[in-house]
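So the structure is just underneath, and the comments pick up after that.
The values are calculated or read from the model by the stated rules, or taken from the named source; none is laboratory data. If you're wondering where the values come from, they're calculated on a predicted model, not measured in any experiment. Using ideal geometry, Cβ is built from the backbone for each residue, glycine included, and neighbour counts are taken over all protein chains shown.
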Amino acid sequence: MPDVVLPVLNEAQALPWVLGRMPVGYRPIVVDNGSTDGSGEIAASLGALVVREERPGFGSACFAGLTAADDDVVCFVDADGSLDPRDLPIVTDPVLDGRFDLVLGARRAERGSWPWHARLANRALGLELRRRGAGPVLRDIGPMRAARRQGLLDLGLQDRRFGWPLEMVVRAAGAGWRIDEVDVPYAARRGGRSKVTGTVRGTARTVRDMSRVLAEDRRARERGGPS
């Protein structure tokens, strides 16, 4: 069954709930990206494989988890409890049975769980992605996703910050992957503050990183080479 990469930065409050809801047969790989609250130790005590990644950045943590995985199919999910690991089969099954190469969970948000500035930024990025023809029609650049490990490595993903999720979609689309999205419930995080959507500044930083990915893709297209 799939490996599950969980990038973690100070998620001690949420990890017991998240790891306790991991589906049977799914192996959690917690990538501790510099936590100071004992997140790595908590994850290890709960049976997760813990990988330490000292280089800061969401993409750095995701890439470290990807390289540590050894199953054919790899999932990614946030470790803050906003997404329920029990929903992972909804995302992974279409990859496991060969219908799609990359499946993303489109967040169906509970009231108050997704700040307006994050929703607006996500919608703008999706529109820009479609306008440029850099990817499929998607409602959400969601953090819960699944694909085959070797395929992801072959994409040669370069971003090590918050542009990682978008770069995956852009490069997969450029490689002709079959991409789909499915609805997954999205709730308020279980303690702490989001590093991405919790503040306007965090959202702006994410938009900046993702905009850079789109700009690099545009330049690659103009050169006639791979993105």
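Summary table
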{"read-out": "Failed item, numbered, when SER39 is tested on (1) surrounded by fewer than 21 Cβ atoms within 10 Å (Cβ to Cβ); (2) more than 27 Å from VAL95 (Cβ to Cβ)", "value": "(1)"}
{"read-out": "Residues satisfying the stated conditions in the range 167-186, i.e. crowded, with 21+ Cβ neighbours inside 10 Å and small (Gly, Ala, Ser)", "value": "ALA172"}
{"read-out": "Flag if TRP164 is under 27 Å from GLY81 (Cβ atoms), surrounded by fewer than 14 Cβ atoms within 10 Å (Cβ to Cβ) and either touching a strand residue (DSSP E or B) at 6+ places or on another chain (Cβ under 7 Å) or modelled with pLDDT under 95 (or both)", "value": "no"}
{"read-out": "Residue check for SER45: among the hydroxyl-bearing types (Ser, Thr, Tyr) and either closer than 28 Å to MET210 by Cβ or crowded, with 22+ Cβ neighbours inside 10 Å (or both)", "value": "no"}
{"read-out": "Any hit, the range 86-97, residues being touching a Lys or Arg at 6+ places or on another chain (Cβ under 6 Å) and either within 11 Å of PRO7 (Cα to Cα) or surrounded by fewer than 20 Cβ atoms within 10 Å (Cβ to Cβ) (or both)", "value": "yes"}
{"read-out": "Residues satisfying the stated conditions in the range 126-154, i.e. at pLDDT 70 or above and buried (at least 21 other Cβ atoms within 10 Å of the Cβ)", "value": "ASP140, ILE141, GLY142, PRO143, MET144, ARG145, ALA146, ALA147, LEU152"}
{"read-out": "Test result for VAL196, within 21 Å of LEU83 (Cα to Cα), surrounded by fewer than 23 Cβ atoms within 10 Å (Cβ to Cβ), at pLDDT 90 or above and not charged (D, E, K, R)", "value": "no"}
{"read-out": "Test: residue in the range 58-66 that is more than 14 Å from the chain's Cα centre (by Cα) and either free of Cβ contacts under 8 Å to residues at least 24 places away in the same chain or surrounded by fewer than 23 Cβ atoms within 10 Å (Cβ to Cβ) (or both)", "value": "no"}
